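**Student:** Structure below; questions to follow.
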Amino acid sequence: MTSSSDALSEGANGNGHAGRYYGQGIPYLPLDTYPGKLIAVEGTDGVGRSVQIQLLREWLEVKGYGVVETGWTRSELMQPTIELAKSSNTLNKLTFVLLYATDFADRLEKEIIPALKAGFVVLSDRYIFTALACAGVRGVDRQWLRNLYGFAIAPHMVFYLNIDVKTLIGRVLESRGMDYWESGMDLKHGDDIYDSFRTYQLRLLKEYASMSDEFHFRTLDARRSVDRIQDELRKQVGAFLEPTQTEKLELKT
Amino acid sequence: MLNNLTQPHEYPGKLFVVEGIDGSGKTTQLALLAKWLSASGHRVFVTEWNSSALVKAATKTGKKKNALTPMTFSLLHATDFADRLLYKIIPPLKAGMIVLADRYAFTAFARDATRGVDRQWVRELYSFAVRPDLSLYFRVPIDVSVDRLMARRVKLKFYEAGMDLGWSANPVESFRMFQGKVLDEYDELVNEFGMEVIDARGSITDQQRLVRSVITQHLNVNTVETTDDELV
C-alpha cells in the first residue's frame with residue numbers, strides 16, 4: 001500500500017493526501033476534482049465531539065455552506081447488525097474491525113463521496129482513526145489495519161479533541177455513565193468497570209496520540225470550555241475554507 | 001503485514017478447500033469427499049462460504065434491497081469469513097480434525113476483482129486467513145456450468161449472476177459475462193496459490209476418484225487414530 005507517511009513532505013500544510021484516497025482506494029470510484037470538503041472531528045467517548053459539530057454546523061450554515069453530517073456506525077446497511085453483535089457479545093476483534101469497516105465503506109460510497117461531489121462540507125463525527133485506535137488497542141496488526149482502510153479518503157482537516165483520563169471520567173460520570181464497550185470490558189482487564197474504563201481509555205488516548213503526526217491531527221485541548229474550543233475550530237475551518245475572506249467576514253459579524 | 005495465507009499452518013488438523021464457479025459441481029464433490037473421509041474414521045467438519053449467523057442479517061438486507069456495493073459486498077464476506085475462521089475453522093484444526101471448506105478466500109479474490117475492487121487490497125484483507133493444505137479448483141467452461149444450472153432449473157441469484165454490475169438485464173447473459181470473467185481470475189489464482197485443477201467436465205464418479213487420490217497424498221495417518229484423554 002501507499003503509506004500515508006509518503007505524503008508527509010507534500011503540500012503546503014504537509015498533508016498531501018488531503019481529499020485523496022490513502023491507499024489504492026476504490027478503483028471503480030475514481031476521485032477527480034470535487035468541490036466539497038471533508039472535516040473530521042476525532043476524540044474518545046464523551047470528549048464532547050457532538051456538541052462541537054452541532055455548533056460548527058450552525059456557524060457554517062449561517063455562512064451559507066451546505067453541511068452533511070456523518071457518524072460512526074450509522075449506515076442503514078450495518079447499524080442493525082452492529083447493534084446485534086454488540087448486544088450478544090459475540091464479536092471477536094477481527095469481526096469487530098471488519099463490521100465497522102463495512103459500515104464505513106457503505107457511508108463513504110453512499111453519503112460522503114456523493115456529498116463531496118455535490119459541494120457539501122462533510123462533518124464526520126469520528127472517522128477511521130477511532131477504528132484504528134480501538135483495533136490497535138485490541139492487538140490487531142497495525143499495518144493490516146492501515147491497508148484495510150486504504151480505501152478511505154484522507155480528510156482535508158482532522159481535529160483531535162485531546163483530554164486527560166481524569167477529566168474524561170468526571171465528564172462521563174456526570175452525563176451518562178460508563179458503558180460496557182467504552183470501558184473495554186471485552187478486553188477483560190477485570191470485573192470493575194471503573195478500573196477497566198480508566199485502563200482502557202488511557203490506552204486508547206495513547207493510541208490516538210501515536211497517530212497524530214502520521215495523520216496530521218490538529219489537536220485541540222478538550223479540557224477548555226465549549227466556547228473556547230468552538231472559537232478555535234471556527235478560526236481554523238474559516239481560514240481553510242476562505243483563506244482570503246476570513247478577515248472581511250469577521251468585520252461584518 | 002500478516003502472511004498467514006502464504007505460510008503453512010501449524011495445526012495438527014487438515015484444511016482442504018474446493019473452489020469453482022456455480023455449476024462446477026464442487027459442492028457435490030465435497031459432500032462425497034466428506035462421506036468417504038468420515039467412513040474412513042476421520043472426524044470431519046464442513047463449512048460453507050457466507051454462512052455465519054452474525055452477518056447473515058446484513059447480507060440478506062443488502063441483497064434484498066440490492067444495496068451492496070462491490071466494496072461492502074467484499075467487506076461483508078470478509079467479516080463472515082473472519083467469524084467462521086475463528087469459531088468454526090481454527091478450533092477443529094486445533095483438535096486435529098479435517099476441515100472441508102466449500103469456497104475460501106480465493107472466491108473473494110476472483111469475484112471482488114471482477115467487481116472492480118483492487119486485487120492487492122483484497123489479498124491483504126484476507127492475509128489473516130489460514131493457508132489450506134490443499135485447494136482443489138473445479139474448472140468448468142461457462143457453457144457447461146450454465147447448462148447444468150438450467151437443467152436444475154436454478155433461478156440465478158442477483159449477485160451470483162453479477163446483476164449488480166448492470167452489464168446485462170438478462171440474468172443468464174449477465175451470469176455468462178460475470179462468471180466468464182471470474183473464470184479468468186481463477187486461472188490466475190491457480191498459479192499464484194498453487195491450486196490443484198480438476199477438470200469438472202468429467203463424470204461425478206471419475207472426478208471423485210481423482211479427488212480422493214489427490215487428498216490421500218495430503219493425509220497423514222496420525223489424524224486417524226487419536227487416543228482419548230484420561231477420564232477424570
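Computed from the coordinates by the stated procedures, all read-outs in this text should not be read as laboratory data. Predicted model, so just to flag it, every value in this text is computed and none were measured. For neighbour counting, all protein chains shown are included, and Cβ atoms are generated from backbone atoms with ideal geometry for every residue, glycine included.
**Student:** Where nothing but the Cβ of Lys and Arg (+1) and of Asp and Glu (-1) is charged, how large is the charge dipole of chain B around its Cα centre, in debye to the nearest 20? Provide the component values of the computation, followed by the final result.
**Tutor:** Working: 29 positive and 28 negative charges, 186 e Å.
Here chain B has a charge dipole of around 900 debye.
**Student:** Using r as the Cβ-Cβ distance of B:GLN217 and B:ASP187, and R0 as 22 Å, what FRET efficiency do you calculate, to the nearest 0.05? Intermediate values should be presented prior to the final figure.
**Tutor:** Numbers: r = 23 Å, r/R0 = 1.07.
Rounded to the nearest 0.05, the efficiency is 0.40.
**Student:** Taking the Cβ of A:ALA115 as the centre, find all other residues whose Cβ is under 12 Å away and add up their charges (Lys, Arg: +1; Asp, Glu: -1). Before the final figure, lay out the partial values.
**Tutor:** On the way: positive: A:LYS37, A:ARG107, A:LYS110, A:LYS117; negative: A:GLU69, A:GLU109, A:GLU111.
So the environment of A:ALA115 carries a net charge of +1.
**Student:** Still on this model: Find how many whole Å separate the alpha carbon centroid of the range A:216-240 from the alpha carbon centroid of the range B:194-222.
**Tutor:** Distance between centres, Cα-based: 65 Å.
**Student:** Can you tell me which aspartates and glutamates have their Cα less than 20 Å from the Cα of B:LYS35? Leave out same-chain residues fewer than eight positions away.
**Tutor:** Filter leaves B:GLU19, B:GLU48, B:ASP102, B:ASP133, B:ASP206, B:GLU225.
**Student:** Given contacts defined as C-alpha pairs under 8 Å and at least six residues apart, what's the relative contact order of chain B, whole-number percent? Intermediate values should be presented prior to the final figure.
**Tutor:** Numbers: 324 pairs, mean separation 74.7, N = 232.
Relative contact order of chain B: 32 percent.
**Student:** Below 8 Å, C-alpha to C-alpha, sequence gap of six or more: please give me the relative contact order for chain A in percent.
**Tutor:** Numbers: 334 pairs, mean separation 70.7, N = 253.
Relative contact order here is 28 percent.
**Student:** Summing -39500 (n - 2.57) over the DSSP H runs of n ≥ 4 in chain B and dividing by its residue number, what mean residue ellipticity at 222 nm do you reach, to the nearest 500 deg cm²/dmol?
**Tutor:** Per the formula, -15000 deg cm²/dmol.
**Student:** Across peptide A:103-113, how many C-beta atoms of other chains are within 10 Å of each residue C-beta, on average?
**Tutor:** On the way: counts 3, 3, 9, 9, 1, 3, 4, 3, 0, 0, 0.
Other-chain Cβ atoms within 10 Å of each residue's Cβ, averaged: 3.
**Student:** Hey, another quick one. Taking the highest mean first, how do the peptides A:119-129, A:45-55, B:105-115 order by number of other beta carbon atoms within 10 angstrom per residue?
**Tutor:** Working: A:119-129: 22.5, A:45-55: 19.5, B:105-115: 24.4.
My ranking of the peptides, most packed first, is B:105-115, A:119-129, A:45-55.
**Student:** Let me ask another. Listed here are the pairs A:LYS110/B:LYS56; A:LYS206/B:LYS60; A:LYS93/B:LYS26; which of them are more than 27 Å apart at the Cα? List each step's numbers first, then the result.
**Tutor:** On the way: A:LYS110/B:LYS56 21 Å; A:LYS206/B:LYS60 39 Å; A:LYS93/B:LYS26 32 Å.
Pairs exceeding the cut-off: A:LYS206/B:LYS60; A:LYS93/B:LYS26.
**Student:** Shielding by partners for A:21-30, please: the mean number of other protein chain Cβ atoms within 10 Å of each residue's Cβ. Don't skip to the answer; put the middle values down first.
**Tutor:** Details: counts 1, 0, 4, 7, 2, 7, 9, 8, 4, 0.
The shielding value for this peptide is 4.
**Student:** Turning to a different aspect of this structure: At 222 nm, what value in deg cm²/dmol follows for chain A if DSSP H runs of at least 4 each add -39500 (n - 2.57) and the sum is divided by all its residues, to the nearest 500?
**Tutor:** Details: 10 runs with 114 residues, N = 253.
Computed mean residue ellipticity for chain A: -14000 deg cm²/dmol.
**Student:** Averaged across the residues of B:118-128, what count of C-beta atoms belonging to other chains lies within 10 Å of each residue's C-beta? Spell out each step's value before the answer.
**Tutor:** Numbers: counts 10, 2, 5, 10, 1, 1, 9, 7, 0, 5, 5.
Mean partner-chain Cβ count within 10 Å for B:118-128: 5.
**Student:** Name the longest site-free stretch of chain B, where the excluded sites are GluC sites (Glu not before Pro) in a DSSP loop with no more than 12 other beta-carbon atoms within 10 Å. Let's see the in-between values first.
**Tutor:** Numbers: sites that count: B:GLU10, B:GLU225, B:GLU230.
Longest run free of exposed loop sites: B:11-224.
**Student:** Also, I was wondering about something else. Report the net charge of residues surrounding B:TYR186, where surrounding means a beta-carbon distance below 11 angstrom and charges are Lys +1, Arg +1, Asp -1, Glu -1. Each step should come with its number before you reach the end.
**Tutor:** Numbers: positive: B:ARG111, B:ARG139, B:LYS181; negative: B:GLU19, B:ASP184, B:GLU185, B:ASP187, B:GLU188, B:GLU192.
Counting the neighbours of B:TYR186, the net charge comes to -3.
**Student:** What is the sum of charges around A:ARG203, taking Lys and Arg as +1, Asp and Glu as -1, for the other residues whose C-beta is under 15 Å from the C-beta of A:ARG203? Intermediate results must be reported in sequence, preceding the final value.
**Tutor:** Details: positive: A:LYS93, A:ARG138, A:ARG142, A:LYS188, A:ARG198, A:LYS206; negative: A:ASP45, A:ASP164, A:GLU182, A:ASP186, A:ASP195, A:GLU207.
Charge balance near A:ARG203 sits at 0.
**Student:** Further question: Shape verdict for the range A:13-239, please, from the Cα gyration tensor: rounded (a/c under 1.5), prolate (a/b greater than b/c) or oblate.
**Tutor:** Values: a/c = 1.70, a/b = 1.22, b/c = 1.40.
Oblate is the answer for the range A:13-239, as a/c is 1.5 or above yet b/c matches or exceeds a/b.
**Student:** Hey, another quick one. What longest region of chain A stays clear of GluC sites (Glu not before Pro) that DSSP places outside H, G, I, E and B and that have at most 16 other Cβ atoms within 10 Å?
**Tutor:** On the way: sites that count: A:GLU10, A:GLU76, A:GLU214.
Here the longest run is A:77-213.
**Student:** What is the Rg over Rh value, at two decimals, for chain B, using alpha-carbon atoms and the Kirkwood definition of Rh?
**Tutor:** Numbers: Rg = 18.0 Å, Rh = 18.5 Å.
That ratio is 0.97, to two decimals.
**Student:** Continuing with the same structure: What FRET efficiency, computed as 1/(1 + (r/R0)^6) with R0 = 51 Å and r the Cβ-Cβ distance, is obtained for A:SER210 and B:LYS35, rounded to the nearest 0.05? Before the final figure, lay out each step's value.
**Tutor:** Values: r = 53 Å, r/R0 = 1.04.
E between A:SER210 and B:LYS35, to the nearest 0.05, is 0.45.
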